[in-house]
Amino acid sequence: MRKGRRPSVKGQKTITGARLSEPESKKKKKLVDIHQALNVDPVDVETLRRSAISEGGLLTDEIRRKVWPKLLNVNVYNLPPKPGRDIREGHKDYNQVLMDVQRSLRRFPHGMRREERGVLQEQLINVILYVLQRNRQLHYYQGYHDIVVTVLLVVGERLAIALMEILSSHHLRDFMDPTMDSTKHILNYLMPILEKVHPELHGFMQRSEVGTIFALSWLITWYGHVLSKFRHTVRLYDFFLASHPLMPVYIAAAIVLHREKEVLRCDCDMASVHQLLSKIPQDLPYEVLIVQAEELFSHYPPQELAKQAALQLRKSIAISTFQDFQMATSRQRPDAVLRKQFQEKPRPPPANAEAATPLVAANQLVKMAVWGLTATLGAAAFAVVNSAVEWAPEFVSQLFP
């Protein structure tokens, strides 16, 4: 390098006299794209999907509260009412749900006060039982609460009910049959992917007789049960909500392929391979895995994998209804239109103030949770709120009136 010459800085752009790093520039563009996609009529769901899938996902929980409903075709101005205490009376799953929720302490933000966590756990029970009561064809399974708690922590109680009703009837539908047969069917997609990409690794796993049970908790909880950092969990949820219902299987394949050297070095027996694979490292390169999962899906789509004999014996409800589900999401109106329709619609006066509020995130509980998170995360939480104020000040004003 010649003396007196300033080195070039890669990945930076000069904008109005100030340097903006490449990641920051991409983030700004994504925020603008999301804002425009949400406000066009009809909503540009394809852009929202691309934003959720691309590097960094939806960036903040404030944005997720806007985008997740659109990905699932949920009208935030037409939410189910808040469940009453009677939802628990005589419910066949109440005792099991209660036990699972009581064991879910680690799923709540570190540092949250006991009373705040207790309120959220009560809401978690209510959301699960309400969805099951309204959809009698759905059957509770252990691990379902791990998905519900993630959604609840992001969007609040009433919106969580609406989102979970859709998720349970579509993406998670095969897990909610009365038996495990449909769940086993979904797991059976994993090995054919590995066989096509890495025959040596596939052969090793076949000889070890490890099967696919190591990935069961990954799929039925959307990895919520096995990841320790909430940001990694919601990043995967962005990806899954914007993708085909089998995408968690492709992520599982990407994880196994990423760890191929570890697998091939261990003893070729069921116990050793299962012990290794069932424990997911917490430092996985999630963005890389997401890209790889997309590539695997593109090269080996479900319809090609389904030609194998083991996958022809059963039909997946989630897969068979996905195309119609995607088409339905393309006809949504922007929130500004929905809000106007909601305000103009004749309706009796609400029994209480909460019934008139379309977004549950505005209630006191979520304020308490956000305060608890802010106290725990400090400057990081403050930065997130700042970015939300810059991106959608009217939405933040609804959260903190």
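The values are calculated or read from the model by the stated rules, or taken from the named source; none is laboratory data. This is a predicted model, so every value here is computed, not measured. FYI the Cβ positions are ideal-geometry reconstructions off the backbone, even for glycines, and counts take in every protein chain you see. Accessible surface areas use protein heavy atoms only, side chains included; no ligands, DNA or RNA. Shrake-Rupley method; radii C 1.70, N 1.55, O 1.52, S 1.80 Å.
Given the pairs 66/340; 29/279; 29/66; 196/279; 66/315; 261/307, which are separated by over 26 angstrom at their Cα positions? Kindly include the intermediate steps, with their values, before the conclusion.
On the way: 66/340 17 Å; 29/279 37 Å; 29/66 17 Å; 196/279 24 Å; 66/315 33 Å; 261/307 29 Å.
Among 66/340; 29/279; 29/66; 196/279; 66/315; 261/307, the Cα-Cα distance tops 26 Å for 29/279; 66/315; 261/307.
Roughly how many Å² of residue 89 are accessible to a 1.4 Å probe, to the nearest 10?
150 Å²
On average, how much accessible surface per residue is there in segment 62-201, in Å², for a 1.4 Å probe, leaving out ligands, DNA and RNA?
39 Å²
List the trypsin sites (Lys or Arg not before Pro) within segment 233-316 that DSSP assigns to loop and that have no more than 12 neighbouring Cβ atoms inside 10 Å. Walk me through the intermediate numbers first.
Details: sites: 235, 259, 261, 265, 279, 307, 314, 315; in loops: 259, 279, 307, 314, 315.
Those that pass, being in a loop and sparsely packed, are 279, 307, 315.
Using 0.36 nm per residue, how much length does the chain from residue 308 to residue 328 gain when fully extended, once their Cα-Cα distance is taken away? Don't skip to the end; give the middle numbers.
Numbers: separation 20, 0.36 × 20 = 7.20 nm, distance 3.04 nm.
That works out to 4.2 nm of additional length.
Send over the per residue convex hull volume for segment 198-243, Cα only, as a whole number of Å³.
Working: hull volume 4.6 nm³, N = 46.
Dividing the Cα hull volume of segment 198-243 by its residues yields 101 Å³.
Over all alpha-carbon pairs of segment 69-209, lay out the pair-distance distribution in 5 Å bins, whole %, shortest bin first.
All Cα pairs considered, the percentages come to 2, 9, 17, 18, 16, 12, 9, 7, 6, 3, 1, 0.
Across segment 207-218, in residue order, what do the Karplus-derived ³J(HN,Hα) couplings come to in whole Hz, using 6.51 cos²θ - 1.76 cosθ + 1.60 with θ = phi - 60° and x for Gly and Pro?
Once rounded to whole Hz, the list reads 5, 6, 6, 6, x, 10, 5, 4, 9, 4, 5, 4.
Return the whole-Å distance between the Cα centroid of segment 193-252 and the Cα centroid of segment 98-112.
Value for the Cα centre distance between the two parts: 24 Å.
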